[in-house]
1. Which value, in Å² and to the nearest 10, is the accessible area of Val178 when all protein chains are kept and the probe is 1.4 Å?
2. Which is farthest toward the positive dipole end of region 323-391 among Leu362, Phe378, Ile388, measuring Cα position about the Cα centre, with Cβ charges +1 (Lys, Arg) and -1 (Asp, Glu)?
3. Less than 11 Å Cβ to Cβ from Leu174, Lys/Arg counted +1 and Asp/Glu -1: what total charge do the surrounding residues give?
4. Counting only the heavy atoms of the protein chains, how much of Val328 is accessible to a 1.4 Å probe, in Å² to the nearest 10?
5. Measure nothing fancy, just the Cα-based angle from helix 120-131's long axis to the longest principal axis of the chain, in degrees from 0 to 90, nearest 10.
6. Among His133, His249, what's the order by accessible area (1.4 angstrom probe), most exposed first?
7. Would you mind checking which residues have amide H under 5 Å from Thr26's amide H? H placed 1.01 Å from N; only 5 or more apart, or other chain.
8. Where the only charges are on Cβ atoms (+1 Lys, Arg; -1 Asp, Glu), what is the dipole of the chain about its Cα centre, to the nearest 20 debye?
Amino acid sequence: MPTEETAKSAATGDGSVAATGEDSLTVTDNRTGRRYELPIESETIKAMDLRQIKVHEDDFGMMAYDPAYTNTASCTSAITYIDGDAGVLQHRGIPIERLCEKSTYLEVAYLLVFGELPTRPQLEDWTYDITHHTFVHEDIKKFLTGFRYDAHPMGMLLATTGALSTFYPDAKKLEDPVERYLATIRLIAKIPTLAAFSYRHNSGLPYAYPDNDLSYSENFLSMMFKMTETKYEPDPRVARALDVLFILHADHEQNCSTSAVRSVGSSGADPYSAVAAGIAALYGPLHGGANEAVLKMLRHIEKVENVPDFLESVKRKEEKLMGFGHRVYKNHDPRAQVIKDHAGDVFEATEYNPLIEIATELERHALEEEYFVSRKLFPNVDFYSGVIYEALKIPPDMFTAIFAIPRTSGWISQWLEMTAEPGGKIARPRQIYTGAIDAEYEPIADRSGGNTISGPPATRPGA
Ligand code: CMC
């Protein structure tokens, strides 16, 4: 029988529905013939409203099965709006194109965190605070030195970001507004330093300390590339392109890494640990690794003359066109449109690179061919970010770490929003249990040992 707590639901138990509101969904359970009226809000029903649907009074009740959250809203949020069909991306309601044209990354980070664009004095204070928290404790350097020379930068970034929680234990005071602010600026300020230090560790170069005279993106370039010069002066076209890339990657609503941040944050963990979880999720090739795959593809194509053959093999489905297509954007990726022009500026400012020529040729051919046009396979933001990083001679291993830099402002904004919500609960999905129940306990001497781990085979080495 339906429970009484469900405010608007009104199954009568005899097959009729007591009241039908306009904003409701009527569900008939064919097992019992009962009908239920589930309230609809924002084109969504509450999964908990399904729980009243039972055959017997003591049943658990109906659940929704959605393993990859493909059709489940896990939160409400006022940070980022995406309309995939229309190719729209907005932060706090402002189109990404406007932000890239008018703002700096730090201004956009402020917008994400506080919900509105800063006044001039607010931006000055924010920039000052971030600029003056870019240094990391010297012990972090010792920590990095412990990694092998070829450690993946994302592994180092993940570990050192998690380690920040041990340097700032007061960040555990989640309700303290000063600690919340400090964690926010420390994370945004220190992630570029940690990412650049990881690169220098890989390259066997001395760490280059932050330079407070430079802008956020200039300072990152300086920490990456500064050698013997007393002051590193990045090309303004390169610094602006990087700043625009940072704006474009700042937030993308409830993607895999942001959901990881929210999920870990929902347990009451400190923000450094929650953001480290986001970095761990971004590390995966299905999320942050696509631009790295673009470079592998361009190297595999090898020369411009091979582009038509490569595209033929894509059509035969033997290859994938990395950096093309998108799950959400089905007409165009608004971020790709914006970065395209800046990519041209970067190629002008950097040395000739044959891979860039291959990329340009690939894009030209693909945009002309019916196969790709009809499947809406246009270059996405990762195509251009990959070729820009390549032009800057950044090794592909670093690409995802650079993605993590701007996404930190998105992660911390989502964490702030979530932890400010009254009555927040720990994230705890349900499961559909498919294993045995009340199984016999076999004594060890009687066990046959033929068990396998479910999923792809896992075999003990040497077995
Ligand atoms: N190369 C070749 N064919 C493709 C590609 C591609 N990159 N993407 C889709 N297709 C084909 C696919 O084979 C299918 O063809 P058909 O109708 O003949 O079977 C058709 O296009 C529709 O594809 P789909 O599988 O429905 O597309 P999807 O929405 O499931 O996949 C995607 C989206 C991003 C996973 C896919 O396009 C892809 O793997 N792209 C390459 C990887 C990449 O660049 N990822 C980064 C995305 S941007 C990062 C971000 O926003 O965080």
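1. Roughly 90 Å² of Val178 is accessible to a 1.4 Å probe.
2. Of the listed residues, the answer is Phe378.
3. Taking every Cβ under 11 Å from that of Leu174, the sum is -2.
4. Counting only protein heavy atoms, Val328 exposes about 60 Å² to solvent.
5. The answer is roughly 80 degrees.
6. Largest accessible area first, the list is His133, His249.
7. Leu38
8. Once rounded to the nearest 20, the dipole reads 760 debye.
The values are calculated or read from the model by the stated rules, or taken from the named source; none is laboratory data. Nothing here was measured: the structure is a model prediction, and the numbers come from that model. Neighbour counts are summed over all protein chains in view; Cβ atoms, including those assigned to glycine, are modelled from backbone coordinates with ideal geometry. These accessible areas exclude ligands, DNA and RNA; they are computed on the full protein's heavy atoms, side chains included. Shrake-Rupley method; radii C 1.70, N 1.55, O 1.52, S 1.80 Å.
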